[in-house]
Amino acid sequence: MAAKREKYSDEEHSILYAETGGICPLGKESLLFTKAGARKPQKGYEVAHIYPLNPTAAQAAALAGYPPPTDINGLSNVIALCPNCHTKYDKQFQVDEYLALKEIKHGFLSDAKARQNISRFALEKEVYEILDLISAHDPADDSDTTLSFDLTTVEQKLKTGMSPLQKREIKANAVDYYIRIRDHLKQLEQQDQFAVLLLQRQVNTYYIAMQQDQPENKDLVFNYVAQWISEKTNKSLLASKILASFFVQNCEIFSVDPL
Ligand SMILES: [Zn+2]
């Protein structure tokens, strides 16, 4: 018997539209448009099933070995696509494209989950000062070589689970900023020892929470931590990435000695 197509509510449409950022995940077309002379934008997308709702014989054969989702109409199996890409996806169905779209949707769901966590986790106010310090500092002015930083610990910490590009960014951040941040934290500690300890614990807790959701992807874990700091403080994402790099040193999720 053919599975029935579900009618999605306005709220579900909001979720499906928002997760795309307003852009068709396949062809990158805008998912809203305004007709010439019109005042209001119109919906330019359709809700597409990633795993086909009622696979044709050819689709079923192509999908052998890929189990259907438990809830075929569930939000995790549908995605907003522009009408052209939707038609092409269904009519010229290819397993490669199915897997690619599934991966895109997985990313959307992870991002949404991470964003929902932003408000749940506290962050000490001291972090504002540190981000301002990072933003104001120009490493090009560091002619003083006594500030050179030993990368051994960072390299040990990043031994496994990160892409070379992400490692490179974190190492560069450590070289340029580690000592400044450390010295600033030492000063803060003299004023309020517990605030600094609490801040370290908070960042580590967020690292662990993100790691729980993304055990296989340390790049993403790192970026979610940086985004959280940036969203929480309304400060620059670049400065937040530098601070997140700093906390890699004493974060348990980065193993010093993986056996
Ligand atoms: Zn499209």
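Quick notes on this structure:
- Tally, over region 181-217, of residues that are among the charged types (D, E, K, R) and open to solvent by less than 70 Å² (accessible area, probe 1.4 Å): 3
- Only listed residue being over 26 Å from the mean Cα position of the chain (by Cα), in a helix (DSSP H, G or I) and closer than 26 Å to Ala195 by Cβ, chosen from Ile134, Ile179, Ile170, Ile130: Ile179
- So Lys4, is it in the same structural domain as Lys102 (by TED's automatic domain parsing) and open to solvent by 80 Å² or more (accessible area, probe 1.4 Å): no
- Subset tally (residues that are free of Cβ contacts under 8 Å to residues at least 12 places away in the same chain, under 22 Å from the mean Cα position of the chain (by Cα) and not in a loop (DSSP other than H, G, I, E, B)) for region 19-38: 1
- The residues of region 88-99 that are open to solvent by 100 Å² or more (accessible area, probe 1.4 Å), more than 9 Å from the ligand (Cβ to nearest atom) and either in a helix (DSSP H, G or I) or touching a residue at least 60 places away in the same chain (Cβ under 8 Å) (or both), listed by number, are Lys91, Asp96.
- Test: residue in region 103-121 that is farther than 30 Å from Val196 by Cα, within 25 Å of the chain's Cα centre (by Cα), within 16 Å of the ligand (Cβ to nearest atom) and charged (D, E, K, R): yes
- Selection of first residues in region 121-140 that are more than 11 Å from Lys235 (Cβ to Cβ) and of second residues that are surrounded by 14 or more Cβ atoms within 10 Å (Cβ to Cβ) and of a type in the set (Gly, Ala, Ser), restricted to Cβ pairs under 6 Å at least 6 apart or on distinct chains, gives the following pairs, ordered by first then second residue: Glu124/Ala195; Glu126/Ala195.
- Applying the criterion of being over 30 Å from the mean Cα position of the chain (by Cα) and without any contact (Cβ under 8 Å) to a residue 12 or more places away in the chain to the residues of region 39-54, the residue that is farthest from the ligand (Cβ to nearest atom) is Arg39.
- Test result for Tyr224, assigned by TED's automatic domain parsing to the domain that holds Glu169, assigned to a helix (DSSP H, G or I), in contact (Cβ under 8 Å) with a residue 60 or more places away in the chain and crowded, with 18+ Cβ neighbours inside 10 Å: yes
- Residue in region 70-87 that is farthest from the ligand (Cβ to nearest atom), counting only those that are assigned to a helix (DSSP H, G or I) and over 18 Å from Ala112 (Cβ atoms): Thr87
The values are calculated or read from the model by the stated rules, or taken from the named source; none is laboratory data. Since we're looking at a predicted model, the values are computed, not measured. Counting neighbours? That spans all protein chains shown, and the Cβs are built from the backbone with ideal geometry, glycine included. The protein model used for the area step is the full one, side chains on, heavy atoms only, and it has no ligands, DNA or RNA in it. Shrake-Rupley method; radii C 1.70, N 1.55, O 1.52, S 1.80 Å.
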